[in-house]
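The values are calculated or read from the model by the stated rules, or taken from the named source; none is laboratory data. Everything numeric in this text was worked out from a predicted model, so none of it was measured. Note: ideal-geometry Cβ built from the backbone for every residue, glycine included; neighbour counts use all protein chains shown.
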Amino acid sequence: MARKPATRKPKAKAKATKPKAKRQPLRLNIGAGEKTLKGYTTIDLKNGKNAYPLAGIKDGSIADIYCSHLLEHFGHREVSKVLKHWVSKLEPGGRIRIAVPDFNEVAKRYRAGEPIATQLYIMGSHTDASDVHHCVFDSESLAELMADTGLVRIGRWEGFNNDCACLPISLNLQGYKPTNEMTTCENTVAVLSAPRYGAILHQQVAARAFMMAHVPYNMGQGAYWHQVLSKQIEQAIAEPDNEFVFTCDYDTIFDYDAVIEMYRLMQAYPEADAITSVQSKRGAETALMGMSDAEGKPRTQVRSTEFHRNLTKISTAHFGLTLFRSSTLRAFPKPWMVATPNDDGEWEEGRTDADIDFWKKWRAIGNTLFVANKVPVGHMEEIITWPSQAEESFAPVMQRATDYRKQGIPAKVVR
């Protein structure tokens, strides 16, 4: 008897599954008042939510923060802590936009005699206990606060929400949270012009600092330092991936922290074409930098308060540890460094050294140079150690080589 052919049950159709909805990025409008912003969650006392601290919001979970004319309502001793708290809520790559009254703009208009609501902008409306201002800002102080939270690409933005950020006296700055912790310098190279013979301490400390920061460190040697350094820079910027170039001098001492801080500041301040470190002038009591007035003339007097912030604009510097934007160097006309004697054809007072010639040309075409006030570096110089003539003691007496040439052996040494 023939078997019946086996029959298969038809397979059940797989149930269609809905694709998971893409998570919408979370955006906050902090201190919104009545001005809501489409796509943003309103954080304001009027809807029962405090701007600081932000309750129930995880660190690293916010894509964008918009904050128009609220930061000035916090005390001047508190704003740094408030801003750091807000930035901690941003996800890597997230943006924060801040708008505050611009004290400099208000003062300028007031001094010009314009009809301006000075007390309203500086002190607040005082319509209730919360509508009071407790601090003032200008572009430098706000940028400083933002940079100190770790934000990068700090720059201006235009008001658009028909709120106080659209006022002519509004200072609007935005910044981005780095996509990763800044422990290395990406797309950066370091170059050095070294003498044929010389001290090796710089090579030891520089190699370690740049190695830790993942920065290739290239050294060129020759009798004419400025020619060697120019060639080194040209080779570095010929690589399209190199966004930044460190220049070094063989007698400069620095560490990994200095390298990372200068890289961080360059990321934070897009208006900086070059940033140098603070370095002492050899055999003197001054720093290796120059400042100019509005007419381009050298300044002989400066205030210490001008160096309290992260960056101070200067006109000339040393190449000891300086960070450049490669894009600016690529557009910089040549020749870069030309030494010129004085009017009498002598290499004495009135001459122009190759590095000063570089910075004069740099400034003449509108490029910027800043000194990183919180990045001190060492400057090696010859020191003579003498045995003192104190009673049966040979305690060392230190003397600079420049002082020896002027004064001879120190009196404490002669027996």
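Selection of segment 298-313 for residues being modelled with pLDDT under 95 and surrounded by 10 or more Cβ atoms within 10 Å (Cβ to Cβ) yields 298, 299, 302, 306, 307, 308, 309. Every residue in segment 150-166 that is surrounded by 14 or more Cβ atoms within 10 Å (Cβ to Cβ) and within 17 Å of residue 36 (Cα to Cα), please. If the condition is that a residue be surrounded by 14 or more Cβ atoms within 10 Å (Cβ to Cβ) and within 17 Å of residue 36 (Cα to Cα), then 159, 161, 163, 164, 165, 166 are the ones that fit. Residue 402 fulfils the conditions (1) surrounded by 11 or more Cβ atoms within 10 Å (Cβ to Cβ); (2) at pLDDT below 90; (3) in a loop (DSSP other than H, G, I, E, B) except for a single criterion, (3).
Being without any contact (Cβ under 8 Å) to a residue 12 or more places away in the chain and either part of a loop (DSSP other than H, G, I, E, B) or not assigned by TED's automatic domain parsing to the domain that holds residue 168 (or both) is the filter here, so list the residues in segment 113-129 that pass it.
113, 114, 115, 117, 125, 126, 127, 128, 129
One residue alone among 367, 373 is over 20 Å from residue 226 (Cβ atoms) and in contact (Cβ under 8 Å) with a residue 60 or more places away in the chain, and that residue is 373.
Restricting attention to segment 308-317, report how many residues are in contact with a helix residue (DSSP H, G or I) (Cβ under 7 Å, 6 or more places away or on another chain) and either part of a loop (DSSP other than H, G, I, E, B) or of a type in the set (A, V, I, L, M) (or both).
So in segment 308-317, the residues in contact with a helix residue (DSSP H, G or I) (Cβ under 7 Å, 6 or more places away or on another chain) come out as 309-312, 315-317.
Those still in the list that are either part of a loop (DSSP other than H, G, I, E, B) or of a type in the set (A, V, I, L, M) (or both) too: 309-311, 315, 317.
Matching residues across segment 308-317 total 5.
For segment 73-105, a residue qualifies if it is buried (at least 17 other Cβ atoms within 10 Å of the Cβ), touching a helix residue (DSSP H, G or I) at 6+ places or on another chain (Cβ under 8 Å) and either closer than 16 Å to residue 135 by Cβ or outside the structural domain of residue 127 (by TED's automatic domain parsing) (or both), and the qualifying residues are 74, 79, 82, 83, 98, 99, 100, 101, 102, 103.
Residues that are among the hydroxyl-bearing types (Ser, Thr, Tyr) and not in a strand (DSSP E or B) within segment 318-337 comprise 326, 327, 328, listed in sequence order.
I want to confirm something. Restricting to segment 130-149 and keeping residues that are small (Gly, Ala, Ser) and either at pLDDT 95 or above or not in a loop (DSSP other than H, G, I, E, B) (or both), which single residue is farthest from residue 34 (Cα to Cα)? So that I can check it myself, show each step before the final result.
Taking segment 130-149 as the starting set, the residues that turn out to be small (Gly, Ala, Ser) are 130, 139, 141, 143, 147.
Now narrow it down to the ones that are either at pLDDT 95 or above or not in a loop (DSSP other than H, G, I, E, B) (or both): 139, 141, 143, 147.
Working: 139: 27, 141: 28, 143: 27, 147: 30 Å.
If we take residues in segment 130-149 being small (Gly, Ala, Ser) and either at pLDDT 95 or above or not in a loop (DSSP other than H, G, I, E, B) (or both), then 147 is farthest from residue 34 (Cα to Cα).
Per the listing 368, 385, the residue uniquely touching a strand residue (DSSP E or B) at 6+ places or on another chain (Cβ under 9 Å), of a type in the set (S, T, N, Q) and at pLDDT 95 or above is 368. Taking the criterion of being closer than 21 Å to residue 122 by Cα and part of a strand (DSSP E or B), the residues of segment 157-180 that qualify are 170, 171, 172, 173.
Those strands (runs of 3 or more DSSP E) of segment 194-298 in which at least 1 residues are under 23 Å from residue 309 (Cβ atoms), considering only elements entirely within it, cover 244-249, 274-279.
The single residue among 328, 305, 340 that is out of contact with any helix residue (DSSP H, G or I) (no Cβ under 6 Å at 6 or more places or on another chain), within 23 Å of residue 224 (Cβ to Cβ) and of a type outside the set (Asp, Glu) turns out to be 340.
Would you be able to tell me the number of residues in segment 108-139 that are closer than 26 Å to residue 370 by Cα and either hydrophobic (A, V, I, L, M, F, W, C) or loosely packed, with under 14 Cβ neighbours inside 10 Å (or both)? Result for segment 108-139: 3.
Count of segment 317-335 residues, restricted to those that are closer than 20 Å to residue 246 by Cβ, at pLDDT 95 or above and either surrounded by 14 or more Cβ atoms within 10 Å (Cβ to Cβ) or of a type outside the set (S, T, N, Q) (or both), is 11. Annotation note: Cβ proximity below 8 Å between a residue of segment 274-295 that is in the same structural domain as residue 369 (by TED's automatic domain parsing) and a residue that is aromatic (Phe, Trp, Tyr) and in a strand (DSSP E or B) (sequence gap 6+ or interchain) occurs for 274/324; 274/370; 275/370; 276/370.
Is it true that residue 213 is out of contact with any Lys or Arg (no Cβ under 8 Å at 6 or more places or on another chain), aliphatic (A, V, I, L, M) and within 21 Å of residue 152 (Cα to Cα)? Let's see the steps before the verdict.
Details: out of contact with any Lys or Arg (no Cβ under 8 Å at 6 or more places or on another chain): yes; aliphatic (A, V, I, L, M): yes; within 21 Å of residue 152 (Cα to Cα): yes.
The answer is yes for residue 213.
To keep it simple, each residue is scored yes or no on (1) over 28 Å from the mean Cα position of the chain (by Cα); (2) hydrophobic (A, V, I, L, M, F, W, C).
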residue	(1), (2)
299	no, no
307	no, yes
311	no, yes
319	no, yes
324	no, yes
327	no, no
337	no, yes
342	yes, no
347	yes, yes
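Only one of 30, 65, 43 is under 15 Å from residue 146 (Cα atoms) and either surrounded by 15 or more Cβ atoms within 10 Å (Cβ to Cβ) or modelled with pLDDT under 95 (or both); which? Working first, answer last.
Values: 30 fails: under 15 Å from residue 146 (Cα atoms); 43 fails: under 15 Å from residue 146 (Cα atoms).
When all the criteria are applied, what remains is 65.
Test residue 133 against the criterion of being over 27 Å from residue 312 (Cβ atoms) and either outside the structural domain of residue 98 (by TED's automatic domain parsing) or in contact with a Gly (Cβ under 7 Å, 6 or more places away or on another chain) (or both), and give yes or no. It is true that residue 133 is over 27 Å from residue 312 (Cβ atoms) and either outside the structural domain of residue 98 (by TED's automatic domain parsing) or in contact with a Gly (Cβ under 7 Å, 6 or more places away or on another chain) (or both).
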